[in-house]
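What follows draws every value from the coordinates through simple rules; no lab data is involved. Values in this document were obtained by computation on a predicted structure and should not be read as measured data. Cβ atoms come from the backbone with ideal geometry, glycine included; neighbour counts cover every protein chain shown.
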Amino acid sequence: MPNNNGIAVLQLNFGSRLYFQQSDNKIYELCWDGKDGDQWYRGGDGGDAICTARPDTPIAVTKIDTFNGIIPGDQIIHLYYVGTDDYVKEHVFKDGKWAPGANLESASVPQGTSLAAVGWGLDLPNIRVYYQGYGGTVQELLVT
């Protein structure tokens with residue numbers, strides 16, 4: 001993995017997910033399912049990259065839990081990064097596959113900024129994504 005590339009990790013009910021950018025500017029997922037003796041393995045769609053991002057992109061990740069009556073349901077993963085057009089992008093893992101997410105309507109993101117994301121609630125996403133804009137101000141994106 002080249003220097004200065006983003007990395008983010010997420011704890012799920014039954015394991016962990018790690019997201020990183022390789023030198024091909026694509027973002028990949030490593031998975032660990034939390035059992036003794038388990039190995040990390042390549043996630044994504046069959047081990048393929050999730051998406052292509054700007055070189056040296058920051059990465060942030062969060063999740064939203066679903067609820068199926070009495071027991072917890074799926075955990076929907078929301079991945080954030082800066083696209084090749086310099087705007088914040090979202091990819092969502094739901095129903096066993098990755099797909100582009102919401103149009104976040106961010107401003108252009110300067111090189112060297114960081115991303116942070118937080119999510120809460122059941123079923124309906126309550127997600128905020130933060131980044132530092134030009135002039136040093138912190139920008140907030142609401143994801144619905």
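In the stretch 99-142, what count of residues is obtained for those that are farther than 20 Å from Cys51 by Cα, in contact with a Gly (Cβ under 8 Å, 6 or more places away or on another chain) and polar (S, T, N, Q)?
Qualifying residue count for the region: 2.
With respect to Glu140, is the statement that it is exposed (fewer than 14 other Cβ atoms within 10 Å of the Cβ), touching a residue at least 12 places away in the same chain (Cβ under 8 Å) and assigned to a loop (DSSP other than H, G, I, E, B) true?
Here the answer is no, as Glu140 does not meet what is asked.
Just to verify a result, which residue in the stretch 73-122, among those that are aromatic (Phe, Trp, Tyr) and buried (at least 20 other Cβ atoms within 10 Å of the Cβ), is farthest from Val143 (Cα to Cα)?
Trp98
From Thr66, Thr57, which residue is farther than 24 Å from Leu124 by Cβ and surrounded by 13 or more Cβ atoms within 10 Å (Cβ to Cβ)?
Thr57
Does at least one position in the stretch 36-50 carry a residue that is touching a residue at least 60 places away in the same chain (Cβ under 8 Å) and assigned to a strand (DSSP E or B)?
Within the stretch 36-50 (the criterion being touching a residue at least 60 places away in the same chain (Cβ under 8 Å) and assigned to a strand (DSSP E or B)), the answer is no, since none of the residues qualifies.
Filter the stretch 60-98 for residues that are in contact with a Gly (Cβ under 9 Å, 6 or more places away or on another chain) and over 21 Å from Asn13 (Cα atoms) and give the result.
Tyr81, Val82, Lys89, Glu90 - these are the residues of the stretch 60-98 that are in contact with a Gly (Cβ under 9 Å, 6 or more places away or on another chain) and over 21 Å from Asn13 (Cα atoms).
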